[in-house]
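So the structure is just underneath, and the comments pick up after that.
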């Protein structure tokens, strides 16, 4: 892929309003998109999220009423519910340290300074009341990466904030866990009837929003 191909994919991307429920993402393409979620960068590498991928039609239908009756939730091929930590407990930090050792080698003792720094960040954020907000914002990094990867592979997406998180948490069994629904991203293929697919993008000129120094 070159720069021209990338821009073409991004020009073709839009917030899909009507998915074709008969068109499904094939296994190989979905595996790549799922990998893009796993590979998402995060602050300190903490990955304060869990991604719930829903294909079960009955479950998707049950969520529509709690997503402002937006049919994208049910008509997409795969519904990605991006959840974020409510409080990011200490055991999550420890699990991340163990994974670092597993992948890169080293010892817990060698990473003790890093762990202490992360724990202090977490405690400070919690004391100041913005730890959950930080975790939710981290999930938007995953959202952006997923949407871009989908565009490159010719898959349509629709980022969605219009939903009742508490209802999603209830249906998905998240109450009593450290996770809460942060943002949704249905993925699939646009319907031919979606008029928004052919509308030109409305963006400010680059000179109006990009400053070079």
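Where a number appears in this text, it was derived from the coordinates with a stated rule and is not lab data. All figures in this text were calculated on a predicted structure; none of them were measured in a lab. Here Cβ is always computed from backbone atoms with ideal geometry, including for glycine, and neighbour counts include all displayed protein chains.
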*Report Rg (one decimal) and Dmax (nearest whole number) for the stretch 93-213, counting Cα atoms only, units Å.*
20.1, 59
*Pairs of Cα atoms under 8 Å, at least six residues apart: use those to get the relative contact order of the stretch 10-190, whole percent.*
38 percent
*When the chain is treated as a GNM, springs tying every alpha-carbon pair under 10 Å, which of 106, 129, 154 comes out with the largest mean-square fluctuation?*
106
*Taking the convex hull of Cα positions in the stretch 62-130, its mean projected area over all directions (nm²)*: 7.4 nm²
*With the chain treated as a Gaussian network of Cα nodes joined by springs under 10 Å, which of 184, 131, 79 yields the largest mean-square fluctuation?*
131
*With each run of n ≥ 4 DSSP H residues scored as -39500 (n - 2.57), what mean residue ellipticity at 222 nm is computed for the chain after dividing by its residue count and rounding to the nearest 500 deg cm²/dmol?*
-14000 deg cm²/dmol
*Pull out the extension gain between residue 141 and residue 206, defined as 0.36 nm times the separation in residues minus the alpha carbon to alpha carbon distance; nm, one decimal.*
21.2 nm
_For a distance above 19 Å, tell me the whole-number percent of Cα pairs in the stretch 7-126 that qualify._
63 percent
*Any idea how far apart residue 94 and residue 197 come out in nm if each label point goes 7 Å out from Cα toward Cβ?*
5.1 nm
*Please build a GNM for the chain, connecting alpha carbons under 10 Å apart, and tell me which residue among 26, 169, 132 fluctuates the most.*
26
*Nearest 10 degrees, 0 to 90: what angle lies between the long axis of helix 3-12 and the longest principal axis of the chain (Cα atoms)?*
70 degrees
*Antiparallel DSSP beta bridges within the chain, percent to nearest 5*: 95 percent
_One quarter of the convex hull surface, Cα atoms only: what value does that give for the chain in nm²?_
15.3 nm²
_Stretchable slack from residue 123 to residue 11, in nm (0.36 nm times residue separation minus alpha-carbon distance)_ = 36.1 nm
*residue 175 versus residue 55: modelled label distance in nm, points set 7 Å from Cα along the beta carbon direction*: 3.0 nm
*asked:* Over the stretch 130-193, what portion of Cα pair distances is larger than 19 Å, expressed as a whole percent?
replied: 43 percent
